Amino acid sequence: MPHMLKQVLGSVLTPEETAQVYSAFDQIGDIVIIKIPDELMPKKKLIADAILANVKTAKAVFAQVSPVRGDFRVRDLEFIAGENRTVTEYKEHGCRFKVDVAKTYFSPRLSTERQRIADMVGDNETIINMFAGVGTYSVVIAKANKTCKVYSIDSNSAASELDGINAKLNKVQDRVVTICGDAAEVIKDRLAGRADRVLMPLPERAKEFVDSAVLALKEKGIVHYFAHIKADSKKAGQELGLQDAHDAFAKYDHQVLAIRVIREVGPRIYQIVADVLVSSRHH
Ligand SMILES: C[S@@+](CC[C@H](N)C(=O)[O-])C[C@H]1O[C@@H](n2cnc3c(N)ncnc32)[C@H](O)[C@@H]1O
């Protein structure tokens with residue numbers, strides 16, 4: 001958020017109030033989503049107008065009024081000011097994404113992680129993205145490597161539809177296969193033994209799907225396992241994350257090649273990703 005906005009909010013809010021709004025601000029395309037504490041809700045219009053007046057690229061402001069929740073990982077939004085629409089276009093790593101911020105999960109805060117995984121992909125890989133959302137990882141990967149093929153699964157039909165649209169927008173529709181369905185079912189029915197690499201970007205529940213991820217792999221392959229870890233510090237989050245990854249893959253021959261703390265998602269809750277090399281011979 002521009003520093004200037006802090007000053008503008010300062011003219012309508014106390015310093016403490018400004019800090020509260022300042023720390024929770026997401027801009028996705030031209031839509032701004034803020035978290036407004038209950039006691040500041042009477043001032044929501046003032047806040048939203050200050051944002052619209054100062055962030056030139058912002059066309060709409062919404063308040064997030066529920067946590068990200070449910071299987072589809074979406075949040076309830078309340079329209080405050082500007083244009084009352086939830087569809088926007090977001091640009092990242094030379095890719096364009098059509099996003100519906102009300103009907104689908106989307107976080108601009110995972111951009112570095114998307115690029116990190118895309119950079120690891122080798123030629124001619126088959127990749128299965130089990131929890132693809134609007135296709136962010138799938139499209140960034142397919143665009144970065146012209147020889148790979150990505151199966152892009154999501155159970156939310158609104159997300160899956162946008163995934164298909166985004167593959168076309170970025171001209172990778174010939175190598176991104178969009179599938180709407182439950183990842184475990186889809187893998188069991190049609191993708192067992194196919195993947196060199198599997199992505200599991202559903203940190204709240206990835207552990208439940210580890211068997212499906214391993215089933216999707218060729219004899220050997222890499223799983224990008226995401227998890228949420230409770231810890232007192234980032235360093236502890238990394239250590240506990242490593243342990244969590246080993247636990248999740250305990251019944252398979254595996255090696256954790258790398259572990260990374262992506263971000264703090266709540267007070268003392270860290271999102272981690274582990275790159276796990278798995279030999280799937282011992283199902
Ligand atoms: C945290 S979001 C990640 C989306 C995307 N990878 C991203 O980073 O933008 C998790 C996604 O998993 C989907 N999902 C949840 N359970 C699923 C399941 N059993 N099978 C397939 N997709 C599922 C949700 O609809 C949601 O879009």
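Read-outs: derived from the displayed coordinates by stated rules, not from any lab. These figures come from a predicted structure and were not determined experimentally. Every residue, glycine as well, gets a Cβ built from its backbone with ideal geometry; the counts of neighbours run over all protein chains shown.
Taking the average, over residues, of other Cβ atoms within 10 Å as the packing measure, peptides 135-146, 262-273 rank 135-146, 262-273 from highest down.
Using Cα pairs closer than 8 Å and at least 6 residues apart in sequence, work out the relative contact order for the chain, in percent.
Computed over the chain, the figure is 11 percent.
One decimal place: the segment ARG268-ASP174 gains 29.7 nm when fully extended, by the rule 0.36 nm per residue minus the C-alpha distance. Taking other C-beta atoms within 10 angstrom as a stand-in for reagent exposure, CYS180, CYS148 fall in the order CYS180, CYS148, fewest first.
Return the FRET efficiency for the residue pair LYS230, ARG260: r is the Cβ-Cβ distance, R0 is 22 Å, and the value is rounded to the nearest 0.05. Efficiency for this residue pair is about 0.80. Both radii are taken from the alpha-carbon atoms of segment 91-279; with Rh as the Kirkwood radius, Rg/Rh is 0.94.
A cut-off under 9 angstrom between Cβ atoms defines the neighbours of ASN166, and their net charge, with Lys, Arg +1 and Asp, Glu -1, is +2.
Of all beta bridges DSSP finds with both residues in the chain, what is the antiparallel percent, to the nearest 5?
So the antiparallel bridges in the chain amount to around 65 percent.
Normalised by 2.2 N^0.38 Å, where N counts its residues, the alpha-carbon radius of gyration of segment 223-264 equals 1.12. For segment 3-85, pairs of C-alpha atoms spaced more than 15 angstrom apart make up 54 percent of the total. From helices alone, the chain scores -9000 deg cm²/dmol at 222 nm; the rule is -39500 (n - 2.57) for each run of n ≥ 4 DSSP H residues, then divide by the residue total. Each of GLU208 and GLU39 was given a label point 7 Å from its Cα along the Cα-to-Cβ line. The distance between the two points is 3.7 nm.
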